[in-house]
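Notes follow once the structure below has been shown.
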Amino acid sequence: MPVIHRLVWIFTVTSLIPMSSNEDKQCRLEVLGLEGIQQPGDVIIGAVLPVRVADHFQQLSFTECPPRTTCTMIHFGYFQQLQALFFAVEEINKNEDILPNITLGFHWYDSCEVISVNMAATLQVLSGDKTDIPNYRCLHSAPLSGFIGSSSSSLSIAVGHILGLYRYPQVSYYSTSSLLSDRRKFPSFFRTVPSDAFQSKGLAKLVLHYNWRWIGLLGVDNDYGQQGIQLVTQEIIRAGACVDFTENILTSRQDRNAAHIVKVMKKSTARVVIVFAAGLDLVPILTEMRKENVKDKIFVASEGWSVTSQQKMGSFSNLLFGTVGLAFYNGLIPGFQEFLNKIHPNMNVGGNLVKTFWEEAFNCTFFTEKGLERKLCTGEERLAAIKNSYNDVSNLRISYNIYTAVHTLAKALDDLTQCSEGKGPFLQGRCAQIQNLSPWQILHYMKRVRVLLSNERELYFDENGDPPAVYDIVNWQLSSNTTIRHVKVGSYDTTASDRQLFTINSSLLLWATKDNQVPTSACTESCPPGFRQASITGQPVCCFQCFPCPQGEISNQTDSSSCLKCPWNECPNLEKTRCLRKRIDFLSFDDPLGATLTGTSIASSLIPKFILRLFIQYKSTPVVKANNYVLSCLLLASLSLCFLSSLAFIGYPHSDKCLLRQTAFGLVFTICVSCILAKTIMVVFAFMATRPGSVVRKWTNPRVSYTIIFTCSLLQFILCISWLSLAPPFPQYNIESQPTLIIVECNEGSLIAFWTMLGYLFLLAFISFIVAFLARRLPDSFNEAQFITFSMLAFLSVWISYIPASLSAQGKYTVAMEIFAILSSSWALVLCMFFPKCFIILFRPDMNSKEYLMRRRH
């Protein structure tokens, strides 16, 4: 054996087990209180499992031999776990399908959950004799195949360095520290429980499943707690949550630093606290919480205490009700209940330990001692009648892992015995011999072992010695008698599909809140949909302010960090939680406003036609003759077209409609106003022609009026053609004016051209107004200048009012304003110019006669 290995072993033993010069090995074993059971076999399994409970607050004393021991009371749950080891070995020896003709034996020692005792027990198993002799194996009749243990991570780390030197397989049933996955430091370590690396991800998923973003962390100050806290912190931060505080539970202090921890918890706004510890370490903290009246915390439990059987925990049911956590998978061990109930103090193997257990379980004694007031044990007491953690097979999580660990070692040995010489995995195809087994040989098979468990799951180890991670999600609930019970509500299974990786039945959960609502834990109240988060300078990302989404944007999730812009054809609802399709808006014929304007336009266009028929019928009368019959007919026809031109502005604005509506309106109104201008000028020329020797007589020819109309209309026509050629109007979607509407409108192409066209029309009307105003008092029986003045004044007033009204209106109301201006100005011309003439023709025929005309002239 290499010298360096020998030195390591000797140094480890001497450092953990101090000795005086006159002490022998037997005294050292008594110092540590070693208690063991050996069962012979062809192959031995070493096991270091705790059974007795140690006082963690009392240090070992080595001042005398034998010193005071700290392992006193048997822990019923631990005793059940030891029975799982015995049951698994017995089951394997009875099974002819595994290790046929080979008997499996074991060497068990109580670790007392004390690191020095655990180390001494491990060395004792390695030596294989009543005394531990470093570097030597005293039993040569039965090879040692491997170890079951240790329980906690700290103990496994301590012995893992020793066992790894010699490549003895070490299978832990309870050590979860991720440090043990380091194959360089622990080359022969395996475990039947998942690593804390998987548990940390599961706890983070559990926390985030309920949207808890503001978390407190408590961890015991050992490898298990510190590594667990570190890993879960990384997972929580990576998922976007925050840690408010992290505190260590100091196992070196009897009060576990509870006063300080509870003070921090009370001050914190984090309602959810993740705890990596054992149940025993949490008791002082719960006591202090009850003292300080801290009741509003929800605990998330690591597997170290999620299903703890500590009796003291029941007194804190009001604080622990609603706790959720991860627990080892709760498997079934067929026949184990019967095995537990048939143990007896007279058993050949482990009888003395069973007697001690019997005395504590039934509060009796097998020995009569002075001053002892306990009844005598008869051996006839029924184990099935007692109610403690020993015969509770509803929670076999740790016992199941011990049972599985034994079967794993046995399966590796069975695989080793199935080797065919010449086809073996070792040098030159050799196989290992069970009678002369080396630890590195069984280690080879352990790395490749696959065991089909009773629940149809297959256990195997990855390159780090870790099994597939499978957890139960448990919830602490109050039963009818106000005691705590652990209810499975889901699972976290890394071997399942992505959809089944994390499953939880929320209907089974009970919370310590009103109406059984899921509690909240956040630095800031969640931002509802329609709002976005904004970080606060100097604060963690989980502390934020909520601001409404800007115009045109939404957020459809709680606590959204940004808002999403709606597509161009959609707009947010009032709550800004979803995008709604915008309503398309234009002045349609179906719209009440559009229908009203349509009816008005059509009805109005009939009035000029009626007047035109009246003029044709009475064209020989003085009224009609005196007002230039031809120009009046042309004016009436253009006025009818003016009314009808407004229809081009109603309906969906297609490309053709956009091209024609403004130009058609401009041309017909230009003809109309040109006729009025021609009539006005002709009135002036007619008066001037009555003067003797006037040279204006030649301008009273009707051709002059036609020339005026043609010239004025031609200029407008040229302007419109240029407009349509250079920058024609086109339909467009206006999404800026009103956020909830898509306004379909005509873009005029060139606003300069549009206002130039309208300005030219305004100029003609203004000239007509000025000329008519100057000629309003010319003597004539039927002088139209006065009527033209009023009509032009009304016309100009309408269009001047239209300019600011159109600029302030939006959408279809802009179009309606222009239609209203068209109709109003057209009615102004009809009423002011033709209503007096129609009144005379229809109701005062006496005024429409040559005699009345001559009398007026006289």
Residues of region 576-632 that turn out to be out of contact with any helix residue (DSSP H, G or I) (no Cβ under 7 Å at 6 or more places or on another chain) and among the aliphatic types (A, V, I, L, M), as a count: 8
Filter pass, Leu635 being among the aliphatic types (A, V, I, L, M) and closer than 30 Å to Ala816 by Cβ: yes
Leading residue by the ranking (nearest to Ile504 (Cα to Cα)) among those in region 286-326 that are within 33 Å of the chain's Cα centre (by Cα) and β-branched (Val, Ile, Thr): Val324
Qualifying residues in region 318-338 (those that are open to solvent by less than 20 Å² (accessible area, probe 1.4 Å) and part of a helix (DSSP H, G or I)) - the one nearest to Glu35 (Cα to Cα): Phe336
Residue within region 218-234 that is surrounded by fewer than 20 Cβ atoms within 10 Å (Cβ to Cβ), without any contact (Cβ under 8 Å) to a residue 40 or more places away in the chain and over 23 Å from Ser175 (Cα atoms) present: no
Lone qualifier among Lys297, Lys263 - being of a type in the set (D, E, K, R), open to solvent by 60 Å² or more (accessible area, probe 1.4 Å) and under 24 Å from Phe316 (Cα atoms): Lys263
In region 279-317, the residues that are outside any loop (DSSP other than H, G, I, E, B) and among the polar types (S, T, N, Q): Thr287, Gln311, Ser315, Ser317
Failed condition for Ala270, given (1) in contact with a Gly (Cβ under 7 Å, 6 or more places away or on another chain); (2) without any contact (Cβ under 8 Å) to a residue 60 or more places away in the chain: (2)
Test result for Ser389, under 30 Å from Gly225 (Cβ atoms), out of contact with any Cys (no Cβ under 9 Å at 6 or more places or on another chain), without any contact (Cβ under 8 Å) to a residue 24 or more places away in the chain and surrounded by 12 or more Cβ atoms within 10 Å (Cβ to Cβ): no
Members of region 156-170 found to be open to solvent by 10 Å² or more (accessible area, probe 1.4 Å) and at negative phi, listed by number: Ile157, Ala158, His161, Leu165, Tyr166, Tyr168
Condition met for Lys447 (among the charged types (D, E, K, R), open to solvent by 50 Å² or more (accessible area, probe 1.4 Å) and in contact (Cβ under 8 Å) with a residue 60 or more places away in the chain): no
Residue match in region 121-133 (condition: under 30 Å from Asn363 (Cα atoms), open to solvent by less than 10 Å² (accessible area, probe 1.4 Å) and touching a residue at least 40 places away in the same chain (Cβ under 8 Å)): yes
Every residue from region 339-358 that is assigned to a helix (DSSP H, G or I) and either crowded, with 18+ Cβ neighbours inside 10 Å or in contact (Cβ under 8 Å) with a residue 60 or more places away in the chain (or both): Phe339, Leu340, Leu353, Val354, Lys355, Thr356, Phe357, Trp358
Output for region 81-115, where each listed residue is open to solvent by less than 10 Å² (accessible area, probe 1.4 Å) and assigned to a helix (DSSP H, G or I): Leu82, Gln83, Ala84, Leu85, Ala88, Val89, Ile92
Every residue from region 732-750 that is open to solvent by less than 50 Å² (accessible area, probe 1.4 Å), farther than 16 Å from Gln551 by Cα and of a type outside the set (S, T, N, Q): Ile743, Val744, Glu745, Cys746, Glu748, Gly749
Those residues of region 464-494 which are surrounded by fewer than 22 Cβ atoms within 10 Å (Cβ to Cβ) and among the β-branched types (Val, Ile, Thr), in sequence order: Val470, Thr482, Thr483, Ile484, Val487, Val489, Thr494
Residue that is farthest from the chain's Cα centre (by Cα), among those in region 534-555 that are polar (S, T, N, Q), surrounded by fewer than 18 Cβ atoms within 10 Å (Cβ to Cβ) and under 30 Å from Cys571 (Cα atoms): Gln551
Set Leu340, Leu326: member being under 18 Å from Ala277 (Cα atoms) and aliphatic (A, V, I, L, M): Leu326
Criterion: at pLDDT 90 or above, over 27 Å from Thr417 (Cα atoms) and out of contact with any helix residue (DSSP H, G or I) (no Cβ under 7 Å at 6 or more places or on another chain) - qualifying residue of Ala158, Ala121: Ala121
Complete set of residues in region 467-494 that are touching a Phe, Trp or Tyr at 6+ places or on another chain (Cβ under 7 Å) and among the hydrophobic types (A, V, I, L, M, F, W, C): Ala469, Val470, Ile473, Trp476, Leu478, Ile484
When residues of region 452-461 are limited to those that are at pLDDT below 95 and not hydroxyl-bearing (Ser, Thr, Tyr), the one farthest from Asn505 (Cα to Cα): Leu452
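The values are calculated or read from the model by the stated rules, or taken from the named source; none is laboratory data. Bear in mind that the values here come from a model prediction, so they are computed numbers and not experimental data. When we count neighbours, we look across all protein chains shown, and the Cβ atoms used for this are built from the backbone with ideal geometry, even at glycine. Side chains included, ligands, DNA and RNA excluded: accessible areas come from the protein's heavy atoms. Shrake-Rupley method; radii C 1.70, N 1.55, O 1.52, S 1.80 Å.
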